[in-house]
1. Would you calculate, for the chain, the mean residue ellipticity at 222 nm contributed by helices, counting each DSSP H stretch of 4 or more residues as -39,500 (n - 2.57) and dividing by all residues, to the nearest 500?
2. Within 10 Å of each residue's Cβ, count the other Cβ atoms and sort 110, 166 from fewest upward.
3. Step through the residues of the range 118-127 one at a time and calculate ³J(HN,Hα) from phi using the Karplus curve (6.51 cos²θ - 1.76 cosθ + 1.60, θ = phi - 60°), rounding each to whole Hz and writing x for Gly and Pro.
4. If you rank 58, 190 by fewest surrounding Cβ atoms within 10 Å, what's the result?
5. Does the range 38-145 come out rounded, prolate or oblate by the C-alpha gyration tensor, with a ≥ b ≥ c the root eigenvalues, rounded set by a/c under 1.5 and, if not, prolate when a/b is larger than b/c and oblate if not?
6. Using the C-alpha gyration tensor of the range 150-199, what are the square roots of 5 times its eigenvalues, in whole angstrom, with the largest one first?
7. Starting from a Cα-only point model with no solvent, please compute log10 I(q)/I(0) by Debye for the chain at q = 0.10, 0.15 1/Å.
8. So how far apart, in nm, are the two label points at residue 148 and residue 233 if each is 7 Å from Cα heading toward Cβ?
Amino acid sequence: MIKSETANGVARIRFDRLDKKNAITVQMYAQLGAALAAADADKQVRAVLLSGTAECFTAGNDVADFLKAPRDPGSSPARALFEALPNMKKPVVAAVGGPAIGIGTTLLLHCDLVYAAPNARFQLPFVPLAIVPEFGSTFLLPRIAGYQRAAELLLLGQPFDAKKAHEVGIVTAVVPQENLLAEAEKAAATLASLPPESLRLTKRLLKARYAEPLAATIEEETRLFTERLSSPEAKEAMRAFLEKRKPDFSRF
C-alpha cells in the first residue's frame, strides 16, 4: 500500500490504497517510515517525491485500524514516520490532490516543497475528534502561518482549500490538476540535479535552530494524543465518526 521506486536520482514514494482513499493503516506507517529512511540512506537518491494520485493524497488515519492498534502509553503507530520525515537530510517534495486530512496535512509541514491541485482539500480535525494535534503541528504551523491563522485551522478543525493552504504557507504553489504530478516531478528532478552536499547543508541550516523544540513538541503531542484517546469525549467522537453521525458533547 506504499509504493516506492527510484530513477534518475529521485525516490518516488506513493500512497496506493485508493479503494480506501489512501487511509493510512499501522502497517502503512511502518512501510512509509522505512521507505523514507531507505531513500535518505541511498547514495543514488538526491530528492524524494511523496504523492498519492492527482485525485487523492490521503484521507488520514484509517480510524478503525488505528483505534485497535496496541500501543504503549505515549507511543504512536506513526512512530516510524515521526522519526524519519523530520530528520530527512535530502529534500522532500509533496504532490497533493484531493483529500489531505489530519496527518495528511501535518506531514506536509515537514516537506520542503508542496504542490497542490485546486481539488485538494485539507483539514486538521483533531479538536472536533476530541484529541489533540500531532506530528509537531502545534509548533510548526504557528511558525509557518502565524499564531491566529494556525489557531483558526487547529482549534476550529474545519476543511480548507488549496488557495487557503497556499495563503497560510502550507503549500508552495497551486497548479492545475492535470499538471500536478508533472510539476512536482519537475521540482524533484531539479533538486536532484543540484549539488547534493550544498542541498543537504542548506536544508540542515534551515532546520537546525528548531530541531530540538520540534522533537520535544512531537513527544508531548504524542503523549497527550494517546491520553486523549481513552477520554469519554474522544470515545464519543470516534463512535460518532464510525457510525456517521454528529457527536454529542452536551453531557461533558
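1. About -13000 deg cm²/dmol.
2. Going from sparsest to densest Cβ surroundings: 166, 110.
3. Along the range 118-127, the couplings run x, 7, 5, 10, 10, 6, 10, x, 5, 5 Hz.
4. With the sparsest Cβ surroundings first, the list reads 190, 58.
5. oblate
6. 29, 16, 7
7. One equal scatterer on each Cα of the chain leads to -0.46, -1.07.
8. 2.5
Where a number appears in this text, it was derived from the coordinates with a stated rule and is not lab data. Remember, it's a predicted structure, so these values are computed and weren't measured experimentally. Glycine also receives a Cβ, built like all others from the backbone with ideal geometry; neighbour counts cover every protein chain displayed.
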